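Step one of this worksheet: look at the structure below.
The values are calculated or read from the model by the stated rules, or taken from the named source; none is laboratory data. Just so you know, these numbers come straight off a predicted model, no measurement behind them. Only protein heavy atoms, including side chains, enter the accessible area calculation; ligands, DNA and RNA are left aside. Shrake-Rupley method; radii C 1.70, N 1.55, O 1.52, S 1.80 Å.
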Amino acid sequence: MKKMLITLTVLVASATAAFALNPVDYEVFMKLNDNSTFKGLVRYLKVDNEQAENLKNVFTITQNQMQSALKSENDAAAEKAMNSNLANTRNILSNKQYKKFLTIVNLTINNRYNEVLLSEN
């Protein structure tokens, strides 16, 4: 029970960090559908064919929703698309795979912040 509680706490903390995004960072979720990014993610997460197909569908839907939201500058719609992506991805992946997925998303976002900070100096 204690192990499950700790795992849940880590997942919530990771998900909360992913939710606290600047609208510019929503682009990270659109990039998940990029062919080379998707293939690398599938290899890293070690998903099976069914999971890969389901992830591809989720990422395609997310990309379309994000493009629409960013085009209309609708932050609420972008936030909804991101939350939907995370929820659907959570349902597709195992706990271990989902933790890895959140780690990749958070690292990508943090790297983008570092790039922006370096370019401002």
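Rg and Dmax of the range 54-104, based on Cα coordinates, read 11.6, 36 Å.
Step through the table entries 31/100; 31/80; 39/80; 46/80; 39/100, compare each Cα-Cα distance with 19 Å, and write down the pairs that go over it. Checking Cα-Cα distances, 39/80; 46/80 exceed 19 Å.
In what order, largest first, do 92, 61, 109, 104 sit by accessible area if the probe radius is 1.4 Å? Show your work: numbers first, answer last.
On the way: 92 35, 61 95, 109 10, 104 55 Å².
Ranked from most to least accessible, the order is 61, 104, 92, 109.
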